[in-house]
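Below is one structure, written out as structure tokens, with a few remarks after it.
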Amino acid sequence: MGRRFIIVLGAVALLGAGARGMARPEQPDSARQGRAVYAQWCLGCHARWPARPGDPPMGRFPPAGTLRLQQRYQNAMPSALEDRHDLAPDMVRMTVRNGITIMPPTRKSEVSDAQLDALVIYLTGRKGG
Amino acid sequence: MLLPPGVSQSAFVQALQKFANVVGPQWALHDEEDVRSYRDAYTPFAAEPEKQRMASAALVPANVEQVQQIVRIANEYCIPLYAVSTGRNLGYGGCAPNLSGSVVVDLKRMNRIIEVNPREGYMIVEPGVSFIELHRYLVENGIDYVPSAPGPGWGSPIGNALDRGIGFPYGDNFAAIKGMEVVLANGELLRTGRGAMGDDRLWPLYPYGLGPDLRGLFLQGNFGIVTKACFWITPKWEASCGFTITAMYDEDLDPMVDALNQLANQGILDGFGIGSPLRSSTGSNDGRQPYGPPEAKALLRQRDGGSPAQWEALARQTSIPLIGAGGSMQGARTVIQAKLEYALDYLARAKVPGKVEKVPGMPGPMPITIDFGALAVQGSNLGHYYFSPVIRRSREDLFAVNETIRHVCLDAGDLEMLDDFGFSGGMLGGLSSVVQEKHMTLLMEFLVYGDAEKDARRRDLFRALVKACGARGWGEYRAPVIFQDEAQAQFSFNSGIYRRFLETLHDGADPNGILSPGRMGIWPRHLREG
């Protein structure tokens, strides 16, 4: 099931039943922090495309990461990261720190290890593996 | 372990310990995995990692005092530093240093928005602030001002301005900097303009000191590490609108440019562009979607680029305009409507040939996002870098620079690049909010493929373009790190006096050559003389 939330640039507001469906009840703060990290650092390239009602306004072009993943997956799996339920924590960590093709690395000075842990929990529902 | 050039391992280890004592051990990064983050993510040497520029370590200071201490230690050990703000200068070298082995000074943690003064129209920020963070702050605080961001919003107002970056829709971002605070090579703190009085009330408002204006030394320069900058900011405007004027004969571009120049000189236009839509219709450079006929591509492959008669016939056949120009204005709705009516009336009275069309108005500016969509549509590639020469805003220069580029591509046998570029590529300039501009900047995008042979051929093509365009007075406004020496070499008046004078100043201000050696081709003495 998709999450519906409204993102206003500068604030993250939650509507509906709570954080991303997969977040564990004992880690609500991590998932919320992770969502804030995602909104600041990931959404610009990984937002849904086409956008759904309630999604944030985008720039002049479709989001690069989502578009690239659409080309790669050809509808075999969702192209927006938040719609995936099978992301592996270690893979997320490695991709964030190393980058891949046109996605540049994200440094510790930008997203700290603690923030990355929160992002991983937000996207995968768990910390490791 | 990669060492800074000329520094022994034991000295480097000692220095790293001292650096760690300043910034804290978690912010003195020297593990290989951490230091790898400080590479050019879009390096033109993707397939040849041994040729990539690499840092030896990275330091992430929290405040100005730590930057000063870092610089003093670097001087003690003669360790080259390379300061980056948000470190996202993708397309021009990323956060990798000019000189491999340099220690990167990553200013991202210094991301305070010190003051935003909407009453007088200025802000004071640190280098680690990103456009997105700034936009967020302005929205949260109900301040109706708009950052002047390039495509991606993760860059830094300071970093972008100091690379002479261009923001949308204001244009020349450096022109908006009216005061700076800089850590000099000896660790001392300098403030420019009125800040040099030690009273900061006028620092953001009047850019000059008494005597020479030092701001320019820190622009695309290696004379200091900028730790604060005062920018003039522009209120969010109510709306924008504009017009285009198109025609089917090349010579009609001349009266169009004359008329738009007059309108710009009168302050009627905020944006101004010229081009050849039909000739540009087949290129895909910089994420454009080609829509033109194959005949256009064939004409562009001819050495003469197609005769006027051939292009005029194709324009009639396709109904795609052969030449065109446009102007835009932004501001209060009633004012821009009046400006638009004045402009259209002016064009009519001056009998400027061509079909005039109004461009529908848009409310306010675009939201700031990380806008990398163009990359995703360009197929398989690992990044990009830009060749970006400055040309006159005239039909003559527009056509001449395209001819030069065409000839260089044909002589290199690179039809793929020629087809991709097509005509004119992107064109910046004519964006004027802070300063009126009288030039255009061509943007020619080079993709990185990760194929050693192809990427090497493209790098050679880039260098050939730098030389061919430089010989005709079209120098780059900004150059990727690995081409900065060649780009600087084009400024050859009086045996390169421009570079030689900067070297003279630099040798005095930074005798150990520790600040970003090699930036824009300015090297310290010990690296110039081998």
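The values are calculated or read from the model by the stated rules, or taken from the named source; none is laboratory data. Just so we're clear, the structure is a prediction, and the values are computed from it rather than from any experiment. When we count neighbours, we look across all protein chains shown, and the Cβ atoms used for this are built from the backbone with ideal geometry, even at glycine. These area figures cover heavy atoms from the full protein model, side chains too; ligands, DNA and RNA do not enter into them. Shrake-Rupley method; radii C 1.70, N 1.55, O 1.52, S 1.80 Å.
Identify, please: which residue in region B:318-327 is surrounded by fewer than 22 Cβ atoms within 10 Å (Cβ to Cβ) and in contact (Cβ under 8 Å) with a residue 12 or more places away in the chain and is, among those, farthest from B:SER281 (Cα to Cα)?
Only one residue fits best here, namely B:GLY326.
Residue by residue, here is whether (1) part of a loop (DSSP other than H, G, I, E, B); (2) at pLDDT 95 or above; (3) more than 21 Å from B:LEU107 (Cα to Cα) holds:
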site: B:PRO204; (1), (2), (3): yes, yes, yes
site: B:PRO212; (1), (2), (3): yes, yes, yes
site: B:VAL226; (1), (2), (3): no, yes, no
site: B:PHE243; (1), (2), (3): no, yes, yes
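What number of residues within region B:71-92 are of a type in the set (Val, Ile, Thr), in contact with a helix residue (DSSP H, G or I) (Cβ under 7 Å, 6 or more places away or on another chain) and away from every other protein chain (no Cβ under 14 Å)?
2
Here is a check on your reading of the model: is B:SER56 within 14 Å of chain A (Cβ to nearest Cβ) and of a type in the set (S, T, N, Q)? Quick ask: steps written out before the conclusion?
Working: within 14 Å of chain A (Cβ to nearest Cβ): no; of a type in the set (S, T, N, Q): yes.
Considered against the rule, which asks whether it is within 14 Å of chain A (Cβ to nearest Cβ) and of a type in the set (S, T, N, Q), B:SER56 comes out as no.
What are the residues in region B:470-482 that are within 13 Å of B:SER388 (Cβ to Cβ) and out of contact with any helix residue (DSSP H, G or I) (no Cβ under 6 Å at 6 or more places or on another chain), if any?
Initial filter on region B:470-482 (within 13 Å of B:SER388 (Cβ to Cβ)): B:470, B:474-480.
B:GLY470, B:GLY475, B:TYR477, B:ARG478, B:PRO480, listed by residue number.
If you check every pair at least six apart or on different chains, which have Cβ atoms under 6 Å apart with a residue in region B:265-288 that is within 16 Å of B:GLY331 (Cα to Cα) and crowded, with 19+ Cβ neighbours inside 10 Å first and a residue that is of a type outside the set (S, T, N, Q) and at pLDDT below 90 second?
What qualifies is B:GLY271/B:GLY430; B:GLY271/B:LEU431; B:PHE272/B:GLY430.
Do the conditions hold for B:ILE274, that is, is it in contact with a helix residue (DSSP H, G or I) (Cβ under 9 Å, 6 or more places away or on another chain), among the hydrophobic types (A, V, I, L, M, F, W, C) and in a strand (DSSP E or B)?
Working: in contact with a helix residue (DSSP H, G or I) (Cβ under 9 Å, 6 or more places away or on another chain): yes; among the hydrophobic types (A, V, I, L, M, F, W, C): yes; in a strand (DSSP E or B): yes.
Yes.
When residues of region B:161-202 are filtered for being in a loop (DSSP other than H, G, I, E, B), open to solvent by less than 70 Å² (accessible area, probe 1.4 Å) and over 13 Å from B:VAL226 (Cα atoms), how many remain?
Step one: filter region B:161-202 for residues in a loop (DSSP other than H, G, I, E, B), giving B:163-165, B:169-170, B:173, B:184-188, B:192, B:198-202.
Cutting the leftovers down to open to solvent by less than 70 Å² (accessible area, probe 1.4 Å) gives us B:163, B:165, B:169-170, B:173, B:184-185, B:187, B:192, B:199.
Narrowing the set further to residues that are over 13 Å from B:VAL226 (Cα atoms) leaves B:165, B:169-170, B:173, B:199.
Result for region B:161-202: 5.
What is the one condition in (1) modelled with pLDDT of 95 or more; (2) in a loop (DSSP other than H, G, I, E, B); (3) under 22 Å from B:ILE166 (Cα atoms); (4) not basic (Lys, Arg) that B:GLY513 does not satisfy?
(3)
The rows are residues; the columns are (1) of a type in the set (Lys, Arg); (2) in contact (Cβ under 8 Å) with a residue 40 or more places away in the chain; (3) away from chain A (no Cβ under 14 Å).
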residue	(1), (2), (3)
B:GLY142	no, no, no
B:VAL146	no, yes, no
B:ALA149	no, yes, no
B:SER156	no, yes, no
B:PHE174	no, yes, yes
B:GLY211	no, no, yes
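Residues being over 12 Å from B:VAL104 (Cβ atoms) and part of a helix (DSSP H, G or I): count how many of those fall in region B:28-37.
Total satisfying the criteria: 2.
Which numbered condition trips up B:GLU33, out of (1) more than 30 Å from B:SER388 (Cα to Cα); (2) within 13 Å of chain A (Cβ to nearest Cβ); (3) buried (at least 20 other Cβ atoms within 10 Å of the Cβ)?
Result: B:GLU33 fails condition (3) only.
If B:SER100 meets every condition in (1) open to solvent by 20 Å² or more (accessible area, probe 1.4 Å); (2) within 13 Å of chain A (Cβ to nearest Cβ) apart from one, which number is that one?
B:SER100 satisfies every listed condition except (2).
Sort through B:PRO321, B:PRO308 and tell me the only one that's in contact with a Pro (Cβ under 6 Å, 6 or more places away or on another chain) and farther than 20 Å from B:GLN436 by Cα.
Details: B:PRO308 fails: in contact with a Pro (Cβ under 6 Å, 6 or more places away or on another chain).
Just one listed residue meets the conditions, B:PRO321.
Which one of the conditions (1) assigned to a helix (DSSP H, G or I); (2) in contact with a strand residue (DSSP E or B) (Cβ under 7 Å, 6 or more places away or on another chain); (3) surrounded by 23 or more Cβ atoms within 10 Å (Cβ to Cβ) does B:TYR137 fail to meet, given that it meets all the rest?
Against the list (1) assigned to a helix (DSSP H, G or I); (2) in contact with a strand residue (DSSP E or B) (Cβ under 7 Å, 6 or more places away or on another chain); (3) surrounded by 23 or more Cβ atoms within 10 Å (Cβ to Cβ), B:TYR137 comes up short only on (3).
Identify all residues within region A:98-112 that are over 14 Å from B:GLU33 (Cα atoms), facing another protein chain (nearest Cβ under 7 Å) and either of a type in the set (A, V, I, L, M) or under 17 Å from the mean Cα position of the chain (by Cα) (or both); write none if there are none.
A:ILE102, A:PRO104, A:GLU110 - these are the residues of region A:98-112 that are over 14 Å from B:GLU33 (Cα atoms), facing another protein chain (nearest Cβ under 7 Å) and either of a type in the set (A, V, I, L, M) or under 17 Å from the mean Cα position of the chain (by Cα) (or both).
Do we find a residue being open to solvent by 30 Å² or more (accessible area, probe 1.4 Å) and either in a strand (DSSP E or B) or acidic (Asp, Glu) (or both) anywhere in region B:461-481?
Here is the first cut: in region B:461-481, the ones open to solvent by 30 Å² or more (accessible area, probe 1.4 Å) are B:463-464, B:467, B:471-473.
Those left that are additionally either in a strand (DSSP E or B) or acidic (Asp, Glu) (or both): none.
No: zero hits.
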